[in-house]
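*Asks:* Here you go, one structure.
The values are calculated or read from the model by the stated rules, or taken from the named source; none is laboratory data. All values reported here derive from a predicted model rather than from experimental measurement. Virtual Cβ from ideal backbone geometry, glycine too; neighbours counted across all protein chains shown. Only protein heavy atoms, including side chains, enter the accessible area calculation; ligands, DNA and RNA are left aside. Shrake-Rupley method; radii C 1.70, N 1.55, O 1.52, S 1.80 Å.
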Amino acid sequence: MDPWLIWLITAAVLAVAEILTLTAALGMLGAAALVTAGFAAVGLPLPLQFLVFTVVATASVLFVRPIALRHVLQPQAQRFGIDALVGRAAYVVSEVTGLGGRVRIDGEEWTARAYDETLVIPPGATVDVIEISGTTALVYPRD
């Protein structure tokens, strides 16, 4: 079997292993094997193929992998669903106490409770959504 084909199979196996583990390291090694397969296809001797693999693998694991991980592990830029409601202003529709009440958040009515259970928030007040618990907004009055 030709050396370039062995490197190509190695690259494919490493790519599949990367998909299963999501570590980014195996993907970099697979890319190094793919580059080495290209050099082997043009006739580079076997010792130099190992040198190419070592250099590309080392460079990619040391320099490319940290950059890739930084992009993958970034916090989500936008919040969606109920997470997007936290921090928004709400309008009190019916009196909100520690036991219950109703607020309007972005045109939708929600059940609400005062974040501080001792507070009584009158209708018409503006409140901030502190937390969403199930279908209930925990709110605190704006001052």
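*Asks:* Leaving out ligands, DNA and RNA, and with a 1.4 Å probe, what % of the accessible surface on the chain is carbon or sulfur? All intermediate terms of the calculation are to be shown ahead of the outcome.
*Replies:* On the way: 6030 of 9090 Å².
Carbon-and-sulfur percentage of accessible area, whole number: 66.
*Asks:* What distance in nm separates the two pseudo spin-label positions at A125 and E95, each 7 Å out from Cα along the beta-carbon direction?
*Replies:* Placing both labels 7 Å along Cα→Cβ, they lie 1.1 nm apart.
*Asks:* Now a separate question. Accessible area per residue for the range 62-143 in Å², computed with a 1.4 Å probe and the full protein assembly in place, what is it? Show your work: numbers first, answer last.
*Replies:* Details: 5530 Å² over 82 residues.
Accessible area per residue, the range 62-143: 67 Å².
*Asks:* So if we plug the beta-carbon distance of D143 and R104 into 1/(1 + (r/R0)^6) with R0 = 22 Å, what FRET efficiency do we get, rounded to 0.05? Please report the intermediate quantities before stating the final value.
*Replies:* Working: r = 20 Å, r/R0 = 0.89.
The pair D143/R104 has a calculated efficiency of 0.65.
*Asks:* Okay, next question. Can you tell me the 0 to 90 degree angle between the C-alpha axis of helix 25-41 and the longest principal axis of the chain, rounded to 10?
*Replies:* Taking the Cα atoms of the chain, the angle to 25-41 is about 30 degrees.
*Asks:* On to the next question. Relative to the present Cα-Cα distance, how much length would full extension add between I82 and T135 at 0.36 nm per residue of separation?
*Replies:* Here the answer is 18.2 nm.
*Asks:* Using a simple charge model, +1 on the beta-carbon of Lys and Arg, -1 on the beta-carbon of Asp and Glu, nothing else, what dipole does the range 1-117 show about its Cα centre, in debye to the nearest 20?
*Replies:* With only Lys, Arg, Asp and Glu charged at Cβ, the dipole is about 280 debye.
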